[in-house]
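The values are calculated or read from the model by the stated rules, or taken from the named source; none is laboratory data. Just so it is clear, the model here is predicted, and its values are computed rather than measured. Neighbour counts run over all protein chains shown; Cβ positions are idealised from the backbone, glycine included. For accessibility, only protein heavy atoms count, side chains too; no ligands or nucleic acids. Shrake-Rupley method; radii C 1.70, N 1.55, O 1.52, S 1.80 Å.
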Amino acid sequence: MSITEIGIPIDLSKGKYENTIYKDGKLQLVELQKSDTGKIVYASSGSWQSEIIYIADKIKAFEKVVKNTIVSGTTSTFKISTQSSIDGTEWSPYVEVGTDGSVQSPTNTYARIKIELFSSPTENLIFTVDDFNDNHYDNAFLNTSQDYLEMKRSYILDYVKDSAWTEDGQLHRVTIDKSIWKKIDSLSSVQS
């Protein structure tokens with residue numbers, strides 16, 4: 001009679017992801033954005049927690065966590081930890097596996113695995129948020145001249161002299177469409 005050790009398969013496509021995703025059969029940090037040169041910037045850290053693993057009589061199979069790692073991009077380090085539970089409700093703290101992959105958490109009926117990924121700091125990269133070269137900001141209320149964006153503060157309006165004004169000075173009038181104004185802080189007159 002022979003005894004074959006069968007490990008407990010861990011499905012990385014199921015579980016709880018935090019700044020990580022399961023993509024192309026691998027667990028990886030989420031991509032945040034690309035620099036102007038096309039270099040991908042990943043989250044600085046992230047984790048994945050497995051679903052609850054029912055160990056029961058397979059305790060021998062859960063002595064080690066065997067890992068197959070491919071380090072690419074900016075991910076430089078990772079940490080694998082396990083925790084266990086007698087009833088699936090109360091859990092022991094996460095304990096990092098040994099350097100040989102040996103499980104350090106107490107042996108119990110249920111277990112969970114947590115993988116934490118950490119990216120190395122990226123060099124200074126250039127990101128263009130908006131270069132204001134196209135006209136999608138071009139309207140009557142914005143100024144996009146000289147490669148910057150600002151709200152217009154000065155408007156040139158066509159005032160009409162009110163000839164019926166009989167008091168001292170002159171009165172110039174203009175009709176303002178109230179739908180274009182959010183708020184008028186003050187009105188001032190110009191003496192000529």
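Some points to look at:
- Checked against the criterion of being among the charged types (D, E, K, R), open to solvent by 80 Å² or more (accessible area, probe 1.4 Å) and at pLDDT 75 or above, the stretch 158-166 contains one or more residues that satisfy it.
- Enumeration of residues in the stretch 116-139 that are open to solvent by less than 60 Å² (accessible area, probe 1.4 Å), farther than 30 Å from Q49 by Cα and at pLDDT 70 or above: L125
- Considering the stretch 80-102, the residues that are more than 32 Å from the chain's Cα centre (by Cα) and in a loop (DSSP other than H, G, I, E, B) include one that is modelled with the lowest pLDDT, namely D100.
- Identification of strands (runs of 3 or more DSSP E) wholly contained in the stretch 10-61 with 2 or more residues that are over 16 Å from Y110 (Cβ atoms) and modelled with pLDDT of 90 or more yields 16-18, 20-23, 45-49.
- Among residues of the stretch 141-167 that are in a loop (DSSP other than H, G, I, E, B), those with a Cβ under 8 angstrom from a residue that is open to solvent by 70 Å² or more (accessible area, probe 1.4 Å) and among the charged types (D, E, K, R), sequence gap 6+ or separate chain, pair up as F141/K152; T144/D138; Y159/R173; D162/R173.
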